[in-house]
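Novice: Mind having a look at this structure? Questions to follow.
The values are calculated or read from the model by the stated rules, or taken from the named source; none is laboratory data. This one's a predicted model, so the numbers in the text were calculated from it and none came from an experiment. These area figures cover heavy atoms from the full protein model, side chains too; ligands, DNA and RNA do not enter into them. Shrake-Rupley method; radii C 1.70, N 1.55, O 1.52, S 1.80 Å.
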Amino acid sequence: RPKKAEAKMSDPAEQAGGPAGQDRSGKGASQEEGEGAGAAAAEEGEKEDADVDILNSLTGLPKEEDIMLFCLPMCAPYSAIQNYKYKVKLTPGNMKRGKASKSAIEMILGGQGGLPPREYSMIRGMPDQEVVACMLGNSRPAIAGAKVPQNRKVVKAKRRGRGQKE
């Protein structure tokens, strides 16, 4: 997981109530300290840029030329992930989280037809505990476009007993 950006450290003089760049005696900071602070700010900016680069490398639409390193399960509003390649909609239901997570993975693997082998192995290789941790309780997974089996009443043919004519 990418590290969170570190909070910007304030000048100790600011914490003591004085303006930035002055020490407690009221004298201005030396030029060397100013250069050191500028270098620290530049280094912090580079760390933030690296964090942003890591976040930008995550994608919901992997292409064939992309090099996949891992698969990350997540739970988000459906409208936010509408353009993602692999998604399952969670609707209210009576499934427990573990069973719902396994069902969701099976829907993705079975419903896409012709998955590239690398993507198939990545999805299959997600730890069950990570997927369960992302799932909502008491939900039922569904894939858009898949028909939901409806409970149909089976009408049995009447048996004709003895003595009845056709």
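Novice: Rounded, prolate or oblate: which fits segment 57-133, taking a ≥ b ≥ c as square roots of the Cα gyration tensor eigenvalues, rounded meaning a/c under 1.5, else prolate when a/b beats b/c?
Specialist: prolate
Novice: A further question on this structure: Per residue, how many Å² of accessible area does segment 61-121 show with a 1.4 Å probe?
Specialist: 72 Å²
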